[in-house]
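Worksheet: one structure, shown below.
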Amino acid sequence: MKTLLRMLACLLLLVALAALAVVAWARHAGGFSARTTPSALETALARYTRSLAIPGSAKSLQNPIADSPLVQHDAMAHYADHCASCHANDGSGDTMYGKGLYPKPPDLRLAATQNLSDGELFFIIQNGVRLTGMPAFGSPGDEGADSWKLVRFIRHLPKITPTEVEEMNGMNPKGPDELQEEKQEQEFLNGAPAAK
Ligand code: HEC
């Protein structure tokens, strides 16, 4: 009985010490701030765990949507509307939301993303990534044609041109201020007196 109590006390002490260590580490690592960037070790571990969580059968899926200028254009518009707020039109992740997330969205043009298989990219877009800002865009029973098109567009991102990025600027979601400004510009062009 005594030994059991002693063992329990030791266990409690260990748990308390571990909790203290976690608090000390979290403070040292910038508390709960999402402004900091995960260490290389944390990123490597998270990516490895994410890779383990994607079923092999999903990783080896082939993209059923053939590439074409129309598919690229559809996906570009979809990406500009749904993804660019975090990932940026050029895929760099250099946006207000992107910079404030923990983990940050990776630069989609770089090898770490481009070396993922089409199936992995599709799985991530459809299911999202838990405990990160990456939302799930698929819904049960949906075959994910839009996501497969987005995979085609992600493959194009390393070659994206400034002209394409400029075109996407016009496709990004607009806030009420921008819409109001556009309305006033249009009214001005139509000959209405300029708003003060
Ligand atoms: C609210 C912010 C946000 C939005 C919107 C968003 N993402 Fe993400 N995305 C993230 C974050 C954060 C990660 C990093 C996840 C991780 O570390 O595992 C990520 C990761 C990814 C990855 C994995 C890249 C890699 O190398 O790990 C792909 C692919 C991706 N996003 C595609 C998209 C697409 C396509 C859309 C639009 C349909 C989109 N995302 C919309 C935040 C976002």
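The values are calculated or read from the model by the stated rules, or taken from the named source; none is laboratory data. Quick caveat: nothing in here was measured; it's all calculated off a predicted structure. Please note: Cβ atoms are built from the backbone with ideal geometry, for glycine as well, and neighbour counts cover all protein chains shown. We work out accessible area using only protein heavy atoms, side chains counted, and drop any ligands, DNA or RNA first. Shrake-Rupley method; radii C 1.70, N 1.55, O 1.52, S 1.80 Å.
Could you check which residue among Lys159, Lys183, Lys59 shows the biggest mean-square fluctuation in a GNM of the chain with a 10 Å Cα cutoff?
Lys183
Using only the heavy atoms of the protein chains and a 1.4 Å probe, how would Met168, Met134 rank by accessible area, largest first?
Most to least solvent-accessible, the answer reads Met134, Met168.
List the pairs from Lys104/Lys159; Lys159/Lys183; Lys149/Lys174 whose alpha-carbon separation is above 27 Å, in the order I gave them.
Distance filter (> 27 Å) returns Lys159/Lys183.
Select from region 17-101 those chymotrypsin sites (Phe, Trp or Tyr not before Pro) which occupy a DSSP coil region and have at most 15 other Cβ atoms within 10 Å, ordered by residue number.
Of the chymotrypsin sites (Phe, Trp or Tyr not before Pro), the ones in loops of region 17-101 whose Cβ has at most 15 other Cβ atoms within 10 Å are Phe32.
In Å², what does the accessible area per residue of the chain work out to with a 1.4 Å probe?
69
Students sometimes get this wrong: rank Met1, Met96 by accessible area, probe 1.4 Å, all chains present, largest first.
Result, largest first: Met1, Met96.
Against the longest principal axis of the chain, how steep is helix 118-127, in degrees 0 to 90 to the nearest 10, with axes from Cα atoms?
Tilt of helix 118-127: around 80 degrees.
Taking the Cα centroid of region 143-193 and of region 72-86, what is the distance between the two, rounded to the nearest whole Å?
8
Sticking to Cα atoms, compute the Rg of region 35-174 to one decimal and its Dmax as the biggest Cα-Cα distance, whole number, in Å.
14.6, 41
Count charges around Leu116 for me, please; just the other residues with Cβ under 12 Å from its Cβ, Lys/Arg as +1, Asp/Glu as -1.
Value of the local net charge: +2.
Contour minus end-to-end for Leu4 and Ala136, with contour as 0.36 nm per residue of separation and end-to-end as the Cα-Cα distance?
Gain on stretching Leu4 to Ala136: 42.8 nm.
Report, in deg cm²/dmol and to the nearest 500, the calculated mean residue ellipticity at 222 nm for the chain, where each DSSP H run with n ≥ 4 adds -39500 (n - 2.57) and the sum is divided by the residue count.
After summing the helix terms and dividing by residue count, I get -17500 deg cm²/dmol.
Give me the lysines in straight-line cross-link reach of Lys2: C-alpha distance below 19 Å, same-chain residues under 8 apart excluded.
Candidates past the 8-residue exclusion: nothing left.
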